[in-house]
Amino acid sequence: MESSAAEDAAVEPAVRLDENPLSGQTASAVLDLKGQQVAGQLSLETSSLLFAMLQETAQLMNGDGDDDEEEESVRRITVTLAESRFVVARDENHVYISQIKVA
């Protein structure tokens, strides 16, 4: 049975990126599994875009949706741009995004 967005939000994030930032982290966000931002200072536009990328990546990894194949869960992706790197990871209840300054 799938959980609701309210139930997902009620579960405390396993990682507090604001209290335990990654080295070089300049911003972060925590999203529920529906893509709603529940914590962090990363812009909604950026967090929504990265959440969509995570979903697209999962769909590509799972192929044509054939039910005979076991689906592989995407747990982490990294997107590197000219000045920032975004690390997107997930667990059973949340998606965690860290923006890290590229040296």
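The values are calculated or read from the model by the stated rules, or taken from the named source; none is laboratory data. These figures come from a predicted structure and were not determined experimentally. Methodologically, a virtual Cβ is constructed for each residue, glycine included, from the backbone with ideal geometry; neighbour enumeration extends over all protein chains shown. Note: accessible area is taken over every heavy atom of the protein model, side chains too, but ligands, DNA and RNA are not part of it. Shrake-Rupley method; radii C 1.70, N 1.55, O 1.52, S 1.80 Å.
The number of residues in the stretch 23-48 that are closer than 17 Å to ARG76 by Cβ, open to solvent by 70 Å² or more (accessible area, probe 1.4 Å) and within 15 Å of the chain's Cα centre (by Cα) comes to 0. One residue stands out among those in the stretch 1-16 that are open to solvent by 70 Å² or more (accessible area, probe 1.4 Å) and in a loop (DSSP other than H, G, I, E, B): the one that is modelled with the lowest pLDDT, which is MET1. In the stretch 17-103, counting only strands (runs of 3 or more DSSP E) that sit wholly within it, the ones holding 1 or more residues that are modelled with pLDDT under 90 span 76-80, 84-90.
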